[in-house]
Amino acid sequence: MQTTASLSEGRSCLAAASLGDQAFFAGGFLGGGVFSKAVDIYDSDTGLWSTASLSKARQDLSAAVVGTQVLFAGGWDGHASCSVVDIYDETTRNWSTANLSVARHQMCAVTIGSKVFFAGGRQYPEYDRGVSNVVDIYDSATNTWSVATLSEARFSLNATAVGSLALLGGGWTGSAASGTIDIYRADLGSWSTAQLPHARFCGGATTAGDKALFAGGWVDWGYHATATVDLWDMSENSWSSASLSEARAKLGATSIGDYALFGGGGGPSYQRSQSLDIYDAGTGTWSKAALSVARAELAATSTSKAALFAGGACEVYPKPGGGYIFTYSDRVDIFTIPEPATLSLLALGGALALLRRCSASS
């Protein structure tokens with residue numbers, strides 16, 4: 001089932017994460033050089049919305065959840081990269097702040113066990129060190145921070161976790177799209193590397209079942225998008241490939257149950273996509289639906305009950321004298337999967353209807 005709602009502010013380049021039944025959408029770009037510090041919070045159990053505020057307005061921040069905490073790290077405030085980490089603790093319902101070891105934006109974030117990894121990113125205005133290999137690691141079990149390094153400096157990479165592994169893949173090195181995957185193995189506390197079958201940056205990554213999926217993205221700085229999805233099967237330790245319904249980058253990616261969802265995104269010439277590609281890990285099949293509004297640079301996350309796609313840059317108009325004017329969406333698309341009991345009732349209803357038709361025709 002698909003429904004819609006609205007953020008408190010229309011914006012792009014926001015971050016999203018979910019804690020239990022709550023989905024958090026934080027920060028973003030409002031247009032006209034103005035940035036957001038809003039945090040919109042959706043409770044999928046009650047269907048109600050509330051708001052909070054970040055300590056600093058910014059876009060291109062990264063979000064993750066560990067234990068009872070939601071973290072929003074880094075970002076870009078219009079002048080420089082940020083080091084601040086805003087932390088919400090559901091146990092105390094209080095907000096606090098920490099700092100990354102290096103200010104940056106366009107990082108990836110992933111949680112494995114009690115640890116959150118904020119990796120790579122872009123440092124500005126430090127042109128000589130603009131691409132970062134830093135990994136800031138927060139351990140919620142000890143409430144401590146540590147630092148590691150990626151095997152290759154890059155930004156706009158994507159990350160997901162499967163089993164005891166955190167996979168940090170792709171990105172832009174400053175000169176080319178990367179196919180590198182840095183892999184952290186939680187049970188051993190060790191790092192290794194592998195290669196994506198297809199290099200990319202600004203794509204989407206998520207996990208469904210025992211498969212990690214890296215989808216879409218740009219393949220070069222000329223903003224040529226790919227439709228390719230690289231799937232890594234943990235149980236088989238093997239790669240396979242599939243295709244999105246259309247090539248696009250800066251899409252939203254999330255999972256609910258056995259389903260991986262890839263929504264929206266942008267193609268060449270600032271085209272915006274309304275497509276929602278859905279992968280069923282249980283059957284290995286793909287299907288397609290649609291967002292209510294075509295947009296890119298949106299945020300996606302899932303609670304136990306719903307998958308949500310929020311905000312984004314949508315309509316684009318040519319600007320007199322050159323360039324483009326963007327509009328920013330407050331739309332939230334909410335997709336829910338019926339409970340097993342509901343599915344059983346629907347199936348029973350369909351069977352009864354079929355029996356009635358058969359009886360009427362006999």
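Just so you know, all these numbers are worked out from the coordinates, no wet-lab data involved. Everything numeric here is computed off the predicted structure, so don't read it as measured data. So basically every Cβ, Gly included, is an ideal-geometry build from the backbone, and we count neighbours across all protein chains shown.
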- Determine, for each peptide in 42-54, 323-335, 203-215, the mean count of other beta carbons within 10 angstrom over its residues, then list the peptides with the highest first. 203-215, 323-335, 42-54
- To the nearest 0.05, what FRET efficiency results for Ser96 and Ser50 with a Förster distance of 22 Å applied to their C-beta separation? 0.75
- Hey, can you rank 174-187, 279-292 by average C-beta count inside 10 Å, highest first? 174-187, 279-292
- Query: For the chain, with the dipole built from +1 on Lys and Arg beta-carbon atoms and -1 on Asp and Glu ones, taken about the Cα centre, which of Ser245, Tyr279, Asn143 lies farthest toward the positive end?
  - Reply: Ser245
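Once you have a ≥ b ≥ c as the square roots of the Cα gyration tensor eigenvalues for segment 217-321, tell me rounded if a/c is under 1.5, and otherwise prolate or oblate according to whether a/b is larger than b/c.
Details: a/c = 2.57, a/b = 1.51, b/c = 1.70.
Cα axes put segment 217-321 in the oblate bin.
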- Query: Quick one: length gained pulling Met234 to Asp89 fully straight, 0.36 nm per residue minus the C-alpha distance?
  - Reply: 49.0 nm
- Query: In whole angstrom, how far apart do the alpha carbon centroids of segment 290-338 and segment 165-181 sit?
  - Reply: 25
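Give, rounded to the nearest 20 debye, the magnitude of the charge dipole that the chain has about its Cα centre when Lys and Arg contribute +1 at Cβ and Asp and Glu contribute -1 at Cβ.
On the way: 23 positive and 31 negative charges, 136 e Å.
Dipole magnitude for the chain comes out near 660 debye.
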- Tilt relative to the chain, helix 340-361 - C-alpha long axis, 0 to 90 degrees, to 10: 30
- Item | Sum of side-chain charges, Leu71 neighbourhood, beta-carbon under 13 Å (Lys, Arg +1; Asp, Glu -1) | -4
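Summing Lys, Arg as +1 and Asp, Glu as -1, what charge do residues with Cβ under 10 Å from the Cβ of Glu315 carry, Glu315 excluded? Let's see the in-between values first.
Working: positive: Arg272, Arg295; negative: none.
Summing Lys/Arg as +1 and Asp/Glu as -1 gives +2.
So which of Lys115/Lys288; Lys115/Lys305; Lys37/Lys211; Lys37/Lys288; Lys56/Lys288; Lys56/Lys211 end up more than 29 Å apart by C-alpha?
On the way: Lys115/Lys288 34 Å; Lys115/Lys305 24 Å; Lys37/Lys211 34 Å; Lys37/Lys288 34 Å; Lys56/Lys288 38 Å; Lys56/Lys211 36 Å.
Lys115/Lys288; Lys37/Lys211; Lys37/Lys288; Lys56/Lys288; Lys56/Lys211, as the Cα separations exceed 29 Å there.
Figure the gain on full extension for Thr327 and Asp187 (residue separation times 0.36 nm, minus the Cα-Cα span) and round it to one decimal in nm. Intermediate results must be reported in sequence, preceding the final value.
Details: separation 140, 0.36 × 140 = 50.40 nm, distance 4.54 nm.
So the extension gain works out to 45.9 nm.
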- Task: Could you please report the charge total around Pro268, scoring K, R as +1 and D, E as -1 over all other residues with beta-carbon less than 14 angstrom from its beta-carbon?
- Result: +1
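What does the convex hull of the Cα atoms of segment 1-99 come to per residue, in Å³, rounded to a whole number? All intermediate terms of the calculation are to be shown ahead of the outcome.
On the way: hull volume 9.5 nm³, N = 99.
Normalising the Cα hull of segment 1-99 by residue number yields 96 Å³.
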